[in-house]
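Below you'll find the structure, written out as structure tokens, and then a few comments.
The values are calculated or read from the model by the stated rules, or taken from the named source; none is laboratory data. Not measured: the values here are computed from a predicted model. Cβ atoms come from the backbone with ideal geometry, glycine included; neighbour counts cover every protein chain shown.
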Amino acid sequence: MQPNYRNFMIYRRQFIKELSWTAVGIFLILLVVLVTTQTINLLGRAASGRVAIDAVTTLIGFWTIGLTPVLLILTAYISILSVLTRYWRDSEMVIWLSCGLSLRNWIVPLLKFAVPFAVLVALVSMLIQPWAEWRSREFAELLKQKQELSLIEPGVFREIGKSHPRIYFIESFNADTGQGKNLFVREKEKNGKDSTIFAKRGEFTQDGEKRILILEDGYRYSGTPGRADYERVAFSKMTLIISVNTLVIDPKQNRHTISTSALLASDKPAYKAELMWRISLPISVLILSLMALPLSYFNPRTGHTYNILIAIVIFLIYQNGLTFLRDLVEDGRLPMWLGLVPMHLIMFLLFLLLLRWRDRPAAPLRTALTSLIGGH
């Protein structure tokens, strides 16, 4: 008995509706699990002092945006697998095939569900993710600088600096503006002499890649402890270099933060590898969504869930293969387009093979392979 066109359309709409609700649930579950894991990780780093506690919420937000493409890929893949596996388990797919219809009839509904995911992944990976990565690194750097200044407490002696440490004492200090009053600075000069500085006012600021301290209206005493060779110099303004290489991150310094348009215009292998990865993400959504159609096959008589294990293995092979090819492009051993095509092509051919096989579950795999090569 052939189902009429109207029934087919109703069934297809119900299928997409069920996929949509399943996708919402799966996305929320994955998001909660991953965000919870990252929150615990960041709280642990905050407890050890490596991350400021005030930055945890913001960093989690940026991190979630960066992880959104992978979450969307997994959501589309798992949703289709879950819904179609249930169709096989409840014998709905068997009825479908017994009516003379093919698994190929599911391709259009699947693509209607997967294409919006692919478009969203493309937008996030090519436009939003680089911006979020840049803002995340910039925020972390600014917070690091502010955290270093926050070590200076009014009325407390503090040692700041690694390559050239100094001892600071400030009577009053504003960490937000970097300004202080009645400053005391003591340092060890390269010639072995001690230098002590007193100033009425001071301001911590950024000058290019250097963080500096500008002192005003003070005196500098320099000499060797235990000797009467101290020199006293009055100054109206003095500049001390606190640290170098503290420039807020430039988007062009990291391939993850550079815009997609800049990647297209660049010939650097590392940038080509990043461009290849961003293009691969939306393509992988479509191919994995199609792959879920034959992988969802489930034999209710045996009750085995081998299809889920095989689906996981294929996903890992796909992602690791793309990562491996990206590394080859980054090392300059492979052109970008030659690195982009093979893994997607292999997976698409595997999809065609499995589709031929599962379209006729009773046929052996060899028959499906022969049919695919022969084109009939």
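Apart from one condition, LEU97 fits all of (1) part of a helix (DSSP H, G or I); (2) loosely packed, with under 13 Cβ neighbours inside 10 Å; (3) at pLDDT below 75; the exception is (2).
Which of the residues spanning the range 169-193 are exposed (fewer than 13 other Cβ atoms within 10 Å of the Cβ) and either modelled with pLDDT of 80 or more or among the polar types (S, T, N, Q) (or both)? Give the derivation first.
Going residue by residue through the range 169-193, those that are exposed (fewer than 13 other Cβ atoms within 10 Å of the Cβ) are 171-172, 176-177, 189-192.
Hits for the range 169-193 are GLU171, SER172, THR177, ASN191.
Candidates are the residues of the range 102-120 that are modelled with pLDDT of 90 or more and farther than 16 Å from SER79 by Cα; the one that is farthest from the chain's Cα centre (by Cα) is VAL119.
What are the residues in the range 121-160 that are at pLDDT below 70 and over 20 Å from GLU187 (Cβ atoms), if any? Quick ask: steps written out before the conclusion?
Residues of the range 121-160 at pLDDT below 70: 140-153, 160.
Within the range 121-160, ALA140, GLU141, LEU142, LEU143, LYS144, GLN145, LYS146, GLN147, SER150 qualify.
Pairing each residue of the range 257-285 that is of a type in the set (Asp, Glu) with any residue that is not in a helix (DSSP H, G or I), provided the two are 6+ apart or on different chains, yields C-beta distances under 6 Å for GLU274/ARG255.
Restricting attention to the range 313-335, the residues that are over 21 Å from the mean Cα position of the chain (by Cα) and part of a helix (DSSP H, G or I) total 2.
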